[in-house]
1. Using the structure shown, decide if R196 is part of a helix (DSSP H, G or I), outside the structural domain of E921 (by TED's automatic domain parsing), without any contact (Cβ under 8 Å) to a residue 12 or more places away in the chain and under 31 Å from the mean Cα position of the chain (by Cα).
2. Go through the range 263-309 and give me each residue that's over 35 Å from the mean Cα position of the chain (by Cα), buried (at least 23 other Cβ atoms within 10 Å of the Cβ) and polar (S, T, N, Q).
3. I need the full set of residues from the range 145-164 which are crowded, with 24+ Cβ neighbours inside 10 Å, farther than 24 Å from E1082 by Cβ and not aliphatic (A, V, I, L, M), in order please.
4. What are the residues in the range 317-338 that are at pLDDT below 90, closer than 15 Å to F117 by Cβ and not aliphatic (A, V, I, L, M), if any?
5. Exactly one of (1) under 26 Å from the mean Cα position of the chain (by Cα); (2) at positive phi is unmet by F186. Its number?
6. Taking L97 as meeting all but one of (1) more than 30 Å from Y464 (Cβ to Cβ); (2) within 40 Å of the chain's Cα centre (by Cα), write down the number of the exception.
7. If we scan the range 82-102, do we find a residue that is charged (D, E, K, R), part of a loop (DSSP other than H, G, I, E, B) and touching a residue at least 24 places away in the same chain (Cβ under 8 Å)?
8. Suppose we keep only residues that are of a type in the set (A, V, I, L, M, F, W, C) and not in a helix (DSSP H, G or I) within the range 1106-1126. Which one would you say is farthest from R971 (Cα to Cα)?
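The values are calculated or read from the model by the stated rules, or taken from the named source; none is laboratory data. Small disclaimer: the values here were computed from a predicted structure and weren't measured. Cβ coordinates were reconstructed from backbone atoms using ideal geometry, including for glycine residues, and neighbour counts include every protein chain displayed.
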Amino acid sequence: MLTGDQIQALLAKVTRLLENDTEFAAAMPDIDVAHDLVKGGTVSSVIERLCDGYADRPALGRRATEIVTQDGRKILSLLPRFETITYREMLQRAKTLAAALHDDPVGAGDRVGSIGFPSADYAILEVAIPFLEAVSVPMSAGAPASNLEPIVEETEPTLIACSIENLSTAAHLAARSDSVGKLLVFDYVDEVDAHRESLTAARGHIQSAGRALELETLEGALDRGRELPAPPPIEASPDRLAAIVYTSGTSGSAKGAMQTENLLGRTWAGMAKNQIERGAALPTIAINYLPMSHTGGRGMMISGLGGGGTAYFVGRSDLSTILEDLSLVRPTQLNFVPRVWEMLHREFVNRIGAGLGDPDAEDRVLEEIRTEVLGGRYVTTLSGSAPIAPELATWVERLTGAHLLDGFGSTETAEVLVDGQIQSPPITDHKLDDVPELGYHATDHPHPRGELLIKSEKLFAGYYKRPDVTAEVFDDEGFFRTGDIVAQVGPGQFKYVDRRNAVLKLSNGEFVAITKLETLFSNAELVDQIFVHGNSEESYLLAVVVPTEAARKRYSGSDLERALLASLGESARQNELQSYEVPRDLIVESSAFSIDNGLLTGWGKPARRKLREHYGESLARLYADRHASMERQWRELGKRVGSRSTVEIVCAAAQAALGAQDVPPSEGHFTDLGGDSLSAVSYASALSDLFKVEVEVGMVISPVNDLKAVADQIDLLLDPDASAATFSSVHGAGATTLSASDLTLSEFIDSETLEAAKSLVAPSGEPRHVLVTGANGYLGRYLTLDWLERMARVGGTVTCMVRARDDDAAGVRLSAVFDSGDDSNFARFRELAEKHLQVIAGEKSEFRMGLSEARWEELIPSVDLVVDPAALVNHVLPYPQLFGPNVAGMAELIRFAISGKLKTVAHVSSVAVGMTTPAGEFTETADVREMVPSWMVSDGYAAGYATSKWAGEVLLREAHDLCGLPVSVYRCDMIMAEPSYRGQLNLPDVVTRLMLSVAATGLAPFSFYCAHDEGNRPDAHFDGLPVDFVRDAINSLAIAPDTAGFRTYHVVNPNEDGISLDVYVDWLIEAGCRIQRIDDFEDWFSRFDTALRNLPDDLRQASILPLAASFSTPQSVLVGSFAPTDEFEAAIKEAGIGDAGGIPSITPAVIEKYVTDLEHLGYLDPADRNDRAAEAS
């Protein structure tokens, strides 16, 4: 809390601002208005009194914009100023909107769903809803439609309002909901081309779905509302449901926290109540950036307005403008989440450069940020929503010169603690509940400890339609269980200790099972005992290690530390642990943990509480030392660029980013050093900042690239004569809307090659030399073996391009994928390979696909057909990071296909290309450039991958138009196993993971799908095809008689066969798996999630756990496929492929193949099925 000196400094600053800053003085809350607000009544009446009292004050602020033309298209450009509307205007617009929506379609008690980033328009909607006596249901703007469908199904909104950015998602939801009668679009500007196109696309999607619902813009509704009477007055009803704010519990299932009229009214009048009780209040001029689906975002806006302040909204939803927005707003309150504080720290580091560590330089830059970025008139600073690292909090206090308040609360509770102090009000009562299984009791000394339970004036009213879940979170006396273990260090003063849940969540979102790791590492060669430590503010673990006697005799000092870390690393590799599960640093303890010293319990188990107390300070100091060391390393790296070799900088950067030691450049691969895809993004970004070039994450995580190779590629990018295309050079730096017209071959390929291609003739005759990319991938290996059979019949050759350091390594990698335990299959591959296979090391995204000039010139005249299943398939990385491997890589493949002679191209794409296209417009015959002329960059699940496949198809269309390049594109969905070849499974894919997880845990839901009648499962369908059919279709159609044109096929399963994930479970049971079906979906997922986390490490890593969030809510019911297959079905019928020329359904044999192969590969125990079969007989 604030000290006496800090309070005096704050009062002095407020006095200066009141005297010298007219805007600050004008924003001071009015005590008369405050008394008027606390009189109570309906929420709408509180809002009316508020707006009458502050009628002429600015209420809402948005960035001013202008329409500009860029590349022939009209777009919105931000201006360096904000525009505001007054409280009177806000109220007028809100009541006008309410008039327009009253009974059209919103009636009293109806739910109003909303999706969008906070904006002035969104605020108007939220203010209007109470006048309709309706229920606000804000939904996450960043979530995929599949995650929001259960919310829409559960709440049955009559209206969904959305920002123009989220219209595609909203249209998807509305089209599938019988309750929705209207879509209302805000933040829409008719002059903007992309906005009009989105509106047209949404109307088409709704029409194609057969839904008769209206789509209206906010301005259109306001125009109507001006001619309509206001809704009738609302009678006070404190218990009326006013809002449902969804949150995810530890199981990941969405739960709607209900907020009553009384609670929402208290929120609007909360600032006034505090002003009256405390005798003073400070002005609220604030920047709003948190989602409206987040309690913090809603509370920030409502409480600020409730005090007569101004709610300004960031200019861009991706927060890319937030620093500029802050400088324009000059907020009086800095209420930030750690992510924003980190952005400010990054700005500090960028501005100071080599001056980091110079106190005078640092003070100068801090003052610049205080005045130029933050505006210099803030009077309060707060961090909330997530824990903030201590060293960051210390830096923030140095920056602001003020005490940083630390807020703690949740969706269910609103604020609970500030700086560890119980907030009373709103907390009316609290207590500690013993947690004996973790060793926490109210009788503990010196401080009572346990789970914090509370009662509060702002406590939610329960979970919507979830009385059973609601009952679980309240005790018999009506106290809410927060789930947080705390220590009471003074009257009403608490210190956070731990989560009741035994699984620790790191700051990167990964969960780690500490006890399991300790058990595993205690078996490491040099480790006698180990205590693994982590906290939610850090992304990595530390450890205290008692070395074995042999280790102490062999090593000492820093050598012993390095040897122990190496021993832990070797143990992690043997057990295939994830990088975040491996301690990054350690403390060497010479004295063993024992019962006598209290570090072991009476049962000889680690006394975790005592261990934490004993080593807590030392471990906190180790974290701090590592952070300081990392800053020093980055500071030194910035100085060394230009004076040291690139490879030295790259290796040193990896050491700094991962805490690795002694990284050999030609041996160290980023992932081998402990990096994962998320840390690779940060590492690539850091290298980009250091070298001032675009370093893509694919370059970092490529299995071909050790750190020396990464450095070599950076040197190429630094070459002033290099002309490699990048995301920025093609689309523009920071582009959020992509145009198909951006993607021209001239951006990637030299003019001489393009010009020469125009005179090349189309290929003719049967291919005799086939190049297969990505041959060691799951589909690639099937395509390869089939082409070997085909080439054996005509004496031809198959060249397989595989990512590897050299040709020999490429051959080893390819051979390994066929050596799966099926001796006859492997023998056949080797027999064919001896005469007809050439394996080469290559990287599609590099110049000339990473091939030497001699190899390139050798292949150009020889290859007839290119079969291209290669891609970086990553559903987490954004499009800019996939641009290199999947877009520039496609361009390099085209360069090869149009050099010397034209080569037929068969490219494997994805149905995800149609994810933003209305169903009726996503066809096989449409030109992708016309069907999807533009694409909004999104960070949603798999959005980056889908965008990269769209871009690849656009480039192929360009190549076909240029020179008649023969192209066939195969848009695939889920490619599943086939019954023939033993051991051939695509282990990382979702179906394999799910089949393993259900079989290993023995748990399945009654149904995986959303809606089903009492006792009946829905008649759903899962879009999967066996890989052997996909292989036959691609390889046969690639050389069909009409190969000269451009053909696109939707290689999906449109059969309305009722074969769903539920049926797959039926077949698992028939195959002998012991599986219990659980009626309640949420109960199933909770038990399933727990069971997955308790699987042995190898099974847990191969399980669905990394993708479990996709199954935390019921799946949407799909009958057939959303992608039409007319062209594909006709082509395979003509070619005689499939079941009597038709697309096959998945059979029980395919599902049983998953079981037998998982047994063969050691993931499942065959004895389990044998026991069940014996019982059945």
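1. Working: part of a helix (DSSP H, G or I): yes; outside the structural domain of E921 (by TED's automatic domain parsing): yes; without any contact (Cβ under 8 Å) to a residue 12 or more places away in the chain: yes; under 31 Å from the mean Cα position of the chain (by Cα): yes.
Yes.
2. The one that is over 35 Å from the mean Cα position of the chain (by Cα), buried (at least 23 other Cβ atoms within 10 Å of the Cβ) and polar (S, T, N, Q): Q275.
3. Hit for the range 145-164 is C162, nothing else.
4. Residues satisfying the conditions are S317, D318, S320, T321.
5. (2)
6. Status for L97: all satisfied but (1).
7. We begin by selecting, within the range 82-102, every residue charged (D, E, K, R); these are 83, 88-89, 93, 95.
Filter again for part of a loop (DSSP other than H, G, I, E, B), leaving none.
So far as the range 82-102 goes, no, none of its residues is charged (D, E, K, R), part of a loop (DSSP other than H, G, I, E, B) and touching a residue at least 24 places away in the same chain (Cβ under 8 Å).
8. To start, the set of residues in the range 1106-1126 that are of a type in the set (A, V, I, L, M, F, W, C) comprises 1107-1109, 1111, 1117-1119, 1122-1123.
Okay, now just the ones that are also not in a helix (DSSP H, G or I), so 1117-1119, 1122-1123.
Working: V1117: 22, L1118: 18, V1119: 19, F1122: 12, A1123: 9 Å.
Per the stated criteria, the residue is V1117.
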